Structure formats: C-alpha cells, structure tokens
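Reviewing the structure listed below.
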C-alpha cells in the first residue's frame, strides 16, 4: 500500500486518493449501492382500495393538523385513521385533565371530519397496586367509551417500564388487569396491545445480530438478558392474557414480533381465535419472504389488519407496493429496519379489501361504513 500511494498521488491527485481511501474504510451504514438490476417497477402512491390505518399516533390535534391529515389521507386513499394515543400524551396530568384531553380530541376530530378519525383510549398506571386502582380504571374505561372512544391501546411500557406502588415491574398478565380486559369484551371494543420489542434487542450486539445497525443508532433500545425481564417471559405473559379472556378481541401489534416466523404466527392465530394481527412496522419481514407471506395472508385473510405506526405519508408507498404488486428487489425506507430489499406479494383483491378495511370494520364498533365500498 505504501509503495503505490505516491504513484496514485502523482497520477490522479489528492481527490482521487481521498476517494480510494474512503472506499477502503467505508462503514456499513454508509454503503448504499445503486442496484444494476433491471426489472419492472410499479411504485404505488395510492392504495388500490380505501383503507383503515389501525395504528397511528397523533398528538397536536389542531384544526390545521386535521386539515393536513385529511389532504394527505385523500392522496393515500386512507378513509379512516385510528389514533391510538387518546390519552397517552396527557401522561403526568391529573385524571380529569387526561379525560378532557381525550374528549376534546374526539370533539375536534368529529367537528372537522365526522367518521374519518377513530380514537382509542389508554390506561394510566399511576398508583398501580393500590386498593382502588382496578375499580377506577374500569370506571374510566366505561366513561371513555361512552364519550366516543372505540378501543383500548396498551403500550409496550406495560411489561417493560410500568412499576407498581412498591416499585416492582408490572407483568402484562397481572391479575389486577383482568377486570379491564373483561370489561373491554363486555363493551365490545378491541384491545390493541404492543408487548416487548423485537427479540434481537435482548441478544448480544455483535456481527450476528440482525438489528445491529438499529441498536447502534438507537442505543437506548438495547436490553440485557433480564432487562427488565427476558423477551420470552414478557411474550408469554401477553399470551396468557389472550388465553384467559377468550371473549375479548385483541389486536396483537407488530404481528406479536412473529412476522419473521410465519409458522409460529400461524400457530398463534390457530391457538387464540380472539386474536388478530396488526402489520404495522413489520412490512419489511413480508417483503423478504414474498411467497410464504402471500400464502399466509391468503390463509389468514380474516385476521390481519393494515396499520403503519409512525405517520409519514411517503412511507405508506412501500406498504402498498409490497401488498399490491409483484415487483422485485425494491428498497425499504429505513435501512436500520431492513438493509435487505423488498419483493411484492401481489395479493388478490378480496384479500386486500379485508386487510385494508373489511376486518377493521368488523372489529372496531360503530365505524362509518359509508366511506368504503359495499
């Protein structure tokens, strides 16, 4: 190397040397080659059918924000957005303030665009373990539904960071929560529940970890083997809830972290007929196994619901393209989620309709069905 550097300097100049050295020292996250593959490309910027996004989070619900969302929803062909953060952004406020936060959000949505937005409520775990926590939680849930909430969203903090009044971790299947799950079944509202994080977050951060880049960029997502409990333990707690409350409808967010093992996902749905899957934030898993994923979507077409999670208009295009087309080898939108390329599933229209809106209309009560085809 030292012998050829003077020749490179003399013949090409410093800038060429810089480029040469950069090529030898490039980090993985900087490597982003332009594919030379020539295949048909059919990008999709608007869903083939009107759809329900059952996994969105909106906080600053001003009229200006609603107008922006409506414009972008129209461009995407999104008929209904489900805002799962009915109370979550009011954490730390009094119960009365959190209630008013939810109510005012529902009023604003309905005042500007009736039927276009659905709001789920959330639980406050403050003083969990006190003698009256369960009764108050159930009463608040009933009030929230009376005021227009159409479901309950459980965030991943349950099982991870929620502590009781004695400072102990609250497991997902804590018995004090049983009356809440039962009340949701009685009220006929679904529970959309997110438990744990991807399993690789608990595994060693080394060259064999598929989420290495994500953990490097977001080091706070990394967990030790027992931080705060093993991945398998938290997931088992969630599954015990499903088993114990068969008359309550659950939507297991992010495919319950089983989108990378569709045989396991199929067994899960077969075991728990009251459970459905939301596909938010796991579309990249389907895009790298298109044949098996297509078979899975067809077989379980009545149990899958479209959702995106973090709202970004342009990122929906990848979801549409994976679900609707048979395109090959096209990029995902976040390298740290998926450094691999996507392939389209080419789902049949009837399956698309169920995933896009029919399943949501069946599961979420009192939605505006006039926004969708008969």
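Just from its helices, what would the mean residue ellipticity at 222 nm be for the chain, if runs of 4 or more DSSP H residues each count -39500 (n - 2.57) and the sum is divided by every residue, rounded to the nearest 500 deg cm²/dmol?
Here the helix-only value at 222 nm equals -11000 deg cm²/dmol.
Tell me the angle of helix 14-25 to the major Cα principal axis of the chain, expressed in degrees between 0 and 90 and rounded to the nearest ten.
50 degrees
Applying 1/(1 + (r/R0)^6) with R0 = 25 Å to the Cβ-Cβ distance of residue 267 and residue 288, what FRET efficiency is obtained, to the nearest 0.05?
Computed FRET efficiency for residue 267 and residue 288 comes out at 0.75.
Order of 342, 26, 367 from fewest to most other C-beta atoms within 10 Å?
Ordered by Cβ neighbours within 10 Å, fewest first: 26, 367, 342.
Using Cα pairs closer than 8 Å and at least 6 residues apart in sequence, work out the relative contact order for region 271-361, in percent.
Relative contact order of region 271-361: 36 percent.
Would you please give the FRET efficiency between residue 57 and residue 34, computed as 1/(1 + (r/R0)^6) with r the Cβ-Cβ distance and R0 = 25 Å, to the nearest 0.05?
Working: r = 34 Å, r/R0 = 1.35.
Between residue 57 and residue 34 the formula returns 0.15.
Given 0.36 nm per residue, what is the gain on full extension from residue 176 to residue 370 after removing their alpha carbon distance, in nm? Don't skip to the answer; put the middle values down first.
Numbers: separation 194, 0.36 × 194 = 69.84 nm, distance 3.94 nm.
Full-extension gain reported as 65.9 nm.
Just need the relative contact order of region 44-369 here, percent rounded to a whole number, with Cα pairs under 8 Å and 6+ apart. Don't skip to the end; give the middle numbers.
On the way: 565 pairs, mean separation 60.5, N = 326.
After rounding, I find 19 percent.
Could you give log10 I(q)/I(0) at q = 0.21 Å⁻¹ for region 304-374, computed by the Debye formula over C-alpha point scatterers of equal weight, without solvent?
-0.99
Any idea what angle helix 231-244 forms with the longest principal axis of the chain, computed on alpha-carbon atoms, 0 to 90 degrees, nearest 10?
So the helix axis and the longest Cα principal axis differ by about 30 degrees.
Using mean Cβ contacts within 10 Å as the protection proxy, how do 321-331, 174-184 order, highest first?
For the peptides 321-331, 174-184, the packing ranking is 321-331, 174-184.
Apply the a/c threshold of 1.5 to the C-alpha gyration tensor of region 130-260 and tell me whether it is rounded, prolate or oblate.
The shape class here is prolate.
At 7 Å along the Cα-to-beta-carbon direction for both residue 205 and residue 218, put a label point, then send me their distance in nm to one decimal.
1.3 nm
Round to the nearest 0.05 the FRET efficiency obtained for residue 163 and residue 233 when R0 = 25 Å and r is the Cβ-Cβ distance.
0.95
Starting from the 7 Å offset along Cα-to-Cβ, what nm value, one decimal, do you get for the label separation of residue 317 and residue 70?
2.6 nm
For region 289-338, what log10 I(q)/I(0) values come out of the Debye formula at q = 0.20 1/Å, with one point per alpha carbon and no solvent?
Values returned for q = 0.20 Å⁻¹ are -0.85.
Throughout, read-outs are computed from the coordinates displayed, never taken from laboratory work. Everything numeric in this text was worked out from a predicted model, so none of it was measured. Cβ atoms come from the backbone with ideal geometry, glycine included; neighbour counts cover every protein chain shown.
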